[in-house]
Structure formats: C-alpha cells, structure tokens
Amino acid sequence: MSLAPFVSSSEKVVYEMLKLAELKAGELLYDLGSGDGRILIIAAKDFGARAIGIELNESLVKRTIDKIRELNLEDKIKVIHGDFMNVDISDANVVTLYLTERGNEIVKPKLEKELKSGTRVVSHNYEIRGWKPIRIKEVEWRRIYLYEVKK
Ligand SMILES: C[S@@+](CC[C@H](N)C(=O)[O-])C[C@H]1O[C@@H](n2cnc3c(N)ncnc32)[C@H](O)[C@@H]1O
C-alpha cells in the first residue's frame, strides 16, 4: 500500500538528515520508500555506510539500480522492489523516512516492534506523533525530526 507520493528530498536536506543521525561508516541505513535512491547513494558514497532501500515503484527501483551500477556502489547498496511494511528492518542502525503524517502513523508500530534500542530514526517534514524527538532541525524551511529508539 502506498503511504506517500514520490517527491525527492533535496540533496541539502539529505546531508542534514544523515548528519543529524550521526550516520557512521559501516552502519546500516534503511530508507523506507527510497524514491530515486538519493539517500542510499549519499549514505554510501559520502558517509561510508551500507544502505538498503525499499520502494514500491518499479521504475524508481530501476533508476536506482542504474545509478548504483554507474557509481560502482553495488557492494554497499541494495534496493528491494516491494512494500516496506513486509520487510524486516530489525538490523537497522538508522532509518530514514519522508512519508506523510498518516504514513508515519501506520509505520510507527512496525518501528516500535522491530527496531533495537539505540537505532536513530530521521523523518523529513513529518513528525512521528507520540514520539519525543531528541532534535529538530530546520533546513530550507522544512523540519527534520531525529528520534532514538529506547527499549
Ligand atoms: C516522498 S518520497 C521520498 C523518497 C526518498 N526517501 C527521498 O527522501 O528522496 C516517498 C516514496 O515512498 C514510496 N512508498 C510509499 N509507500 C511505500 C511502501 N509501502 N513501500 C515502499 N515504498 C513506498 C513512494 O513510492 C515514494 O517513492
């Protein structure tokens, strides 16, 4: 089920999201609804992380795969064509979201169930209602919310 339309985060917002999450080399990031793959690519290329994207739209998945090949990042990035609600994300260190208010509401129980303590969740533009952000940053008139899972 689609929980958000395709709209890309700007590159500036992506860098700020990953900096806010303090993404480190070797960590594993999941982008739930990975669009054209830009978060995955910046996470791998500029932060040295491993990244997994899950995306419903087949043509966006193809576009992402082409870019990963072009940049020789196949060993760092994987993209799954499917619904992120059906993919186990329990090994994540960082999860990125750019969905909608309702999308965040729907994914929230999954995050609460699967993510381990210490996992950072960064959401572009939409808060996760009922969770307390540890930081909020404004970038290009948009808000980025940082959360840390505590169990
Ligand atoms: C607003 S875009 C964000 C794209 C990317 N994360 C970014 O920030 O540039 C949301 C993406 O989520 C995808 N999407 C929505 N619901 C999904 C679902 N249940 N499973 C996988 N992808 C989904 C949409 O197709 C769209 O590409």
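What to note about this one:
- Candidates K132, K137, K150 - the one that is surrounded by fewer than 20 Cβ atoms within 10 Å (Cβ to Cβ) and within 24 Å of G26 (Cα to Cα): K150
- Verdict on E101 being more than 11 Å from the ligand (Cβ to nearest atom) and either under 14 Å from A21 (Cβ atoms) or modelled with pLDDT of 95 or more (or both): yes
Residue-by-condition table, conditions (1) under 12 Å from the mean Cα position of the chain (by Cα); (2) modelled with pLDDT under 95; (3) within 18 Å of T119 (Cβ to Cβ):
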| position | (1), (2), (3) |
| --- | --- |
| V14 | yes, no, no |
| M17 | yes, no, yes |
| L28 | yes, no, yes |
| G37 | yes, no, no |
| G53 | yes, no, yes |
| E58 | no, no, no |
| V87 | no, no, yes |
| V94 | yes, no, yes |
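- As a summary of the residue check, E127 satisfies the conditions (1) over 23 Å from A51 (Cβ atoms); (2) in a strand (DSSP E or B); (3) in contact with a Phe, Trp or Tyr (Cβ under 8 Å, 6 or more places away or on another chain) except for the one numbered (2).
- Complete set of residues in the range 130-151 that are of a type outside the set (F, W, Y), outside any strand (DSSP E or B) and over 18 Å from R102 (Cβ atoms): K132, P133, I134, E140, V149, K150, K151
- Counting only helices (runs of 4 or more DSSP H) wholly contained in the range 1-96, the ones carrying 1 or more residues that are more than 14 Å from the ligand (Cβ to nearest atom) and under 20 Å from L146 (Cβ atoms) occupy 11-20, 38-47.
- Pairs meeting the criteria (first residue in the range 112-137 and over 22 Å from G33 (Cα atoms), second residue surrounded by 11 or more Cβ atoms within 10 Å (Cβ to Cβ), beta carbons under 6 Å, at least 6 apart or on different chains) are S117/V149; I134/L146; I134/E148; R135/L146.
The values are calculated or read from the model by the stated rules, or taken from the named source; none is laboratory data. Because the structure is a prediction, the values reported are computed rather than measured. Heads up, the Cβs are rebuilt from the backbone with ideal geometry, glycines too, and the neighbour counts pull from every protein chain shown.
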